[in-house]
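*Asks:* Next up is a structure, given as structure tokens.
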Amino acid sequence: MQSVIESLGQSAARHPERLALLRGDQRVSYGELWSRVVAAACYMADCGVRPGERVLLAAPSVPAFAYGYFATHLL
């Protein structure tokens, strides 16, 4: 069984242009989502977040929350 982050990475590789997130008129493809998740994970790592640490995410229901959420899984 794959993890959520493995599944997301594979979806981004196979279907980078396919719609992953939709909020109002804001659309994010799987390729964009994966790029932003990787960037967020790199930022967190640069700030000192290490695997196994707890991370608190607090945000409204916006795509940026998904970036942070999946980035913590990627770490």
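*Asks:* Assigning unit charges at the beta carbon (Lys, Arg +1; Asp, Glu -1) and nothing else, what dipole magnitude in debye, to the nearest 20, does the chain show about its Cα centre? Spell out each step's value before the answer.
*Replies:* Numbers: 7 positive and 6 negative charges, 20 e Å.
Computed about the Cα centre, the dipole is about 100 debye.
*Asks:* Determine the equivalent ellipsoid of the chain by diagonalising the alpha-carbon gyration tensor, then write out the semi-axes as square roots of 5 times the eigenvalues, largest first, rounded to whole Å.
*Replies:* So the three semi-axes of the chain are 21, 16, 10 Å.
*Asks:* So, one more: Between Ser61 and Arg14, what is the FRET efficiency for a Förster distance of 30 Å, r being their Cβ-Cβ separation, to the nearest 0.05?
*Replies:* Taking R0 as 30 Å, the efficiency between Ser61 and Arg14 is 0.70.
*Asks:* Continuing with the same structure: Accessible area per residue for the chain in Å², computed with a 1.4 Å probe and the full protein assembly in place, what is it?
*Replies:* With all protein chains present, the chain gives 70 Å² per residue.
*Asks:* Could you work out the relative contact order of the chain, using alpha carbon pairs under 8 angstrom and six or more residues apart, expressed as a whole percent?
*Replies:* 30
*Asks:* Then there is this: Tell me, what % of the accessible area of the chain is carbon and sulfur with a 1.4 angstrom probe?
*Replies:* The value for the chain is 54 percent carbon and sulfur by accessible area.
The values are calculated or read from the model by the stated rules, or taken from the named source; none is laboratory data. Since the structure is predicted, the reported quantities are computational estimates derived from the model, not experimental observations. Note that each Cβ is placed from the backbone with ideal geometry, even for glycine, and that neighbours are counted across all protein chains shown. All accessible areas refer to the heavy atoms of the entire protein, side chains included, with ligands and DNA or RNA removed. Shrake-Rupley method; radii C 1.70, N 1.55, O 1.52, S 1.80 Å.
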